[in-house]
Amino acid sequence: MLNIPPEHAGFALVAVLGFWILGAHNRLVRLRQTVASAFAQVDVHLRQRHELLGELLEAAAPLQADAPEAVAAVEAARLAARRAADHVAQRAKQPDRLAQLAIAENALRVEVSRLITLVKTQPALRSDPRLRSAMKQLSATQHRLSAARDSFNATVLQHNRGVRQFPTRLVAAMFGFGEANEL
């Protein structure tokens, strides 16, 4: 046990409290950086998928004559998802940006699924090796993206637990640490 003179007890209490606040702040900063790092991994796969979708659209060019609206819808959804991902990459923790990305991702998923269904109805396209290769690579990238997204969501949960815990919640409120959204 420490033997602190009564006249120094106030100083000791302030010092302990100050060190605790500093430690809690540093933990919250570390958690926020972990969220940003986890999103960077998601973004790598989003960029790969963006490029692969461009290749898929090039390989599916014959569909332009039969279903131009499907190809245009995928291209528009692809660009919207990329813009949303770029927006999130600037501040990975902001809930509104993550919500916009989730909406853009869902729209892209629907349009790509529709395009793949159209491709499967075209015998000439189904047998095109370039298109099959692009679809296979896209599928593999989607699996890696899904794993990165799961890792990001787990990191966000850990971050949010840290922000919600009492008494760290007080430090989070003092320094503007808010909760993050999942993807």
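The values are calculated or read from the model by the stated rules, or taken from the named source; none is laboratory data. Note that this is a predicted model, so its numbers are computed, not measured. Cβ coordinates were reconstructed from backbone atoms using ideal geometry, including for glycine residues, and neighbour counts include every protein chain displayed. These accessible areas exclude ligands, DNA and RNA; they are computed on the full protein's heavy atoms, side chains included. Shrake-Rupley method; radii C 1.70, N 1.55, O 1.52, S 1.80 Å.
A few remarks follow.
- Solvent-accessible heavy-atom area per residue, rounded to whole Å², over segment 38-169 at 1.4 Å: 53 Å²
- With Cα atoms, 0 to 90° folded angle of helix 68-90 axis to the chain main axis: 20 degrees
- Applying the Karplus relation 6.51 cos²θ - 1.76 cosθ + 1.60 with θ = phi - 60° to segment 144-149 yields 3J(HN,Hα) values of 5, 4, 4, 5, 5, 5 Hz, where x marks Gly and Pro.
- For segment 23-92 versus segment 134-149, the spacing of their alpha-carbon centroids is 12 Å.
- Each residue, Ala140 and His50, gets one label point 7 Å from its Cα in the Cβ direction; the gap between the two is 2.2 nm.
- Its Cα centre serving as origin, segment 99-142 has a Cβ charge dipole (Lys and Arg +1, Asp and Glu -1) of approximately 220 debye.
- Computed in the context of the full set of protein chains, the accessible area of segment 67-182 at 1.4 Å probe radius has 56% of its extent on carbon or sulfur.
- Where (i) 12.5; (ii) 10.5; (iii) 9.6 are the candidate values, the label of the one calculated here for mean projected area of the Cα convex hull in nm² is (i).
- In degrees, nearest ten, helix 6-59 long axis to first principal axis of the chain (Cα): 0 degrees
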